Amino acid sequence: MAFFLYTNIKMFDKIIIVGDNMKKISYILILISVIMIMTGGVTSFLSGIRADREATYNRMADVTDSFEEFSTEVSLFEDYRDSLYEKYLAKLTYDNMKKNDVVIKKELNSYEEMVESISNKVTTLNTLCNDVYYPDSSVNNKCNNYKSIYEQVNNYFVLDINTYNSNIKKFNDYQKNNKSTVSLEKYKTDKDYIDFNEDGTIEGKDE
């Protein structure tokens, strides 16, 4: 009987020892799990930072490319405008206005299409630049400057059309005063002066 009690006590001690070991193992497993979770969280966090940084640099590259395309089209617009004045708008007379009317209006239509194309580039830059500050000052300068440039492009076009239409009105008044039935149509556009960069000044309205 004593032997039986002794054996059970030993077994009980072993059970307690095994139980303690299991607790230690459980603690270790929990600790390892916590470390793995924390490590995974840190890795995920760092991966997120790298992904955000990569996305930012890709976006900055898009700004640079879009601004270059925008600038190229603005240069073409300026050249076209100079040519338009040299060939027609600076040489308008009552004698040649009717003769060149169809050609001039075709040129003005092409002129407006250039403004539309530049406007499409501006839409892209708006998406890339609005409410965004980049870690590169040159990119931020591009985002700050394109609005002012586009404002001038649009307003130069509107100024030129208004000037041309004013000459058309003078031509028609002249013909009417001379009892002539000759009359020319004004160039129609829905564009108007804009303050695109919202600085309170309409750049390009008066040249």
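Residue check: is residue 191 basic (Lys, Arg) and closer than 21 Å to residue 125 by Cβ?
Working: basic (Lys, Arg): yes; closer than 21 Å to residue 125 by Cβ: yes.
Judged against the criteria, residue 191 is a match.
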Selection count where residues are polar (S, T, N, Q), within 27 Å of residue 183 (Cβ to Cβ) and part of a helix (DSSP H, G or I), scope the range 96-128: 3
Residue satisfying all of: in the range 163-182; of a type in the set (S, T, N, Q) and over 19 Å from residue 106 (Cβ atoms); surrounded by the fewest Cβ atoms within 10 Å (Cβ to Cβ) among these: 181
Conditions (1) free of Cβ contacts under 8 Å to residues at least 24 places away in the same chain; (2) in a helix (DSSP H, G or I): number failed by residue 157: (1)
Where residue 190 falls short, out of the listed (1) within 18 Å of residue 111 (Cα to Cα); (2) of a type in the set (D, E, K, R); (3) buried (at least 17 other Cβ atoms within 10 Å of the Cβ): (3)
Subset of the range 116-152 that is touching a helix residue (DSSP H, G or I) at 6+ places or on another chain (Cβ under 8 Å) and among the β-branched types (Val, Ile, Thr) - its residue that is surrounded by the fewest Cβ atoms within 10 Å (Cβ to Cβ): 132
Counted residues, the range 121-147 - those being within 10 Å of the chain's Cα centre (by Cα) and polar (S, T, N, Q): 5
Of all residues making up the range 97-136, the number that are under 16 Å from residue 73 (Cα atoms) and acidic (Asp, Glu): 3
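Take the residues in the range 50-64 that are surrounded by 11 or more Cβ atoms within 10 Å (Cβ to Cβ) and not aromatic (Phe, Trp, Tyr); name whichever of them is nearest to the chain's Cα centre (by Cα). I'd like the intermediate steps shown before the answer.
Here is the first cut: in the range 50-64, the ones surrounded by 11 or more Cβ atoms within 10 Å (Cβ to Cβ) are 53, 56-57, 59-64.
Next cut, not aromatic (Phe, Trp, Tyr) only: 53, 56, 59-64.
Details: 53: 19, 56: 14, 59: 10, 60: 11, 61: 12, 62: 9, 63: 7, 64: 10 Å.
Restricting to residues being surrounded by 11 or more Cβ atoms within 10 Å (Cβ to Cβ) and not aromatic (Phe, Trp, Tyr), the top hit is 63.
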The range 160-187, residues that are within 27 Å of residue 85 (Cα to Cα) and either assigned to a loop (DSSP other than H, G, I, E, B) or touching a Pro at 6+ places or on another chain (Cβ under 6 Å) (or both): 182, 183, 184, 185, 186, 187
Counted residues, the range 51-69 - those being among the hydroxyl-bearing types (Ser, Thr, Tyr) and modelled with pLDDT under 95: 2
Residues that are exposed (fewer than 13 other Cβ atoms within 10 Å of the Cβ) and within 15 Å of residue 189 (Cβ to Cβ), drawn from the range 86-108: 106
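The values are calculated or read from the model by the stated rules, or taken from the named source; none is laboratory data. None of the values given here were measured: they were computed from a predicted structure. So basically every Cβ, Gly included, is an ideal-geometry build from the backbone, and we count neighbours across all protein chains shown.
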